[in-house]
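Q: One structure coming up, written as structure tokens, with questions to follow.
The values are calculated or read from the model by the stated rules, or taken from the named source; none is laboratory data. The structure displayed is predicted, hence computed values, not measured ones. Reconstructed Cβ throughout: ideal geometry from the backbone, glycine too, with neighbour counts over all protein chains shown.
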Amino acid sequence: MLTLSVAALGCHAQTAVQTASQPASASQPAGAKLSPELARRVEVMIRSRIEVPPQYTISIGARAKSEVPGYDQVSVTFAADGNTSKPLTFLISADGKTLAQFNKFDISQDPRDKVAAAGRPGRGGPENAPVLIVGFDDLECPFCAKLHAQLFPAILDRYKNQVRVVYRDFPLSQHSWAMRAAVDANCLAAGSPAAYWNFVDYVHAHAGEMAGDEKSLAKTNEALDKLAVDEGDRQKLNAPDLAACIKKQDDTKVQASVKDAAAQPLNVDSTPALFINGEKVEGAVPMEYIYRIIDEALTAAGQTPPPPLPPPVQPAAPPATKPGN
């Protein structure tokens, strides 16, 4: 309950709010505690604005210097049932007449750089393509398969070498053979990007035919391994090395990818999840949404997007029929 209430605070208390005017004598230097009257004004404002339940106590710290001219900052904590929230920072004007809260975000880094793609097989444009799409993929996920079928060849046909697509691993724990497929795909990727993508294309297209129950899981794993071996043969990869990699089933890199995706700032918890020059898109969304985000990313990179697609042709309405016909 405490966590939820504090989370609500972060959602709803983002804009400056004014207290009723009070005497200029309320002005206090940084480092001083708020007067009982001023602390009361602050507490009542916070309680009313975010609907803090009465069982919560609110503690307001002393003034401290802030980066905002004319304002000091005060630390506010919430406590109930022996638990205390993390402190939240509010701003209070030097004259004690205005209380405010806002969030500060670091935008110094290009969002594209927050999602690593180095060392992964790419598709489409070169590594320095103006738009990079990094997808976190689960080869057993039906929604991933749907998005994958939409993504290729539509993206590459529309944008050519303006867009590069890279997949990273995010097999979900409830999917019985997703990890096996990810490891086998990475074994192929070590020898040939084409082999990797051919394997990914095939598995996504035929995932519905692969059983995941315990009785048939061994057969599904054997089928995945055979698919990888056959693709390695077609691409003339080193057969002993590929066989050894498949047999070892080392999931270290896959687990590292999952851990990285789940952590800040990516916060991936489901698939499919795309990052288009760092902008997160979750779920199997319509392609027109993806096109819009790519076009905006191209424009931001100083590139000209392709001409807009024509609207879909609506089917003609059937001819009206007379009663009795």
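Q: Within segment 98-109, is there a residue that is assigned to a strand (DSSP E or B) and either on the phi > 0 side of the Ramachandran plot or hydrophobic (A, V, I, L, M, F, W, C) (or both)?
A: yes
Q: Okay, next question. Take the residues in segment 46-67 that are under 34 Å from the mean Cα position of the chain (by Cα) and under 15 Å from SER93 (Cα atoms), then tell me which one is modelled with the highest pLDDT.
A: Residue satisfying both the conditions and the ranking: SER66.
Q: Okay, next question. Pairs please, first residue from segment 117-139 and farther than 17 Å from ALA300 by Cβ, second anywhere and among the hydroxyl-bearing types (Ser, Thr, Tyr) and part of a strand (DSSP E or B), Cβ atoms under 6 Å, 6+ apart in sequence or on different chains.
A: So the pair list comes out as GLY135/TYR167; ASP137/TYR167.
Q: Can you report the number of residues in segment 159-184 which are outside any loop (DSSP other than H, G, I, E, B) and either of a type in the set (Ser, Thr, Tyr) or crowded, with 18+ Cβ neighbours inside 10 Å (or both)?
A: Total satisfying the criteria: 16.
Q: Another question, if that's okay. Taking the condition surrounded by fewer than 20 Cβ atoms within 10 Å (Cβ to Cβ), out of contact with any helix residue (DSSP H, G or I) (no Cβ under 7 Å at 6 or more places or on another chain) and either assigned by TED's automatic domain parsing to the domain that holds TYR159 or at positive phi (or both), does GLY70 pass?
A: In short, yes.
Q: Filter segment 57-74 down to the residues that are in contact with a Ser or Thr (Cβ under 6 Å, 6 or more places away or on another chain) and in a strand (DSSP E or B), then identify the one that is nearest to ARG47 (Cα to Cα).
A: SER59
Q: If you don't mind, there's one more thing I want to ask. State which residue is surrounded by the fewest Cβ atoms within 10 Å (Cβ to Cβ) when the search covers only segment 185-229 and only residues that are more than 19 Å from ARG123 (Cβ to Cβ) and polar (S, T, N, Q).
A: SER216
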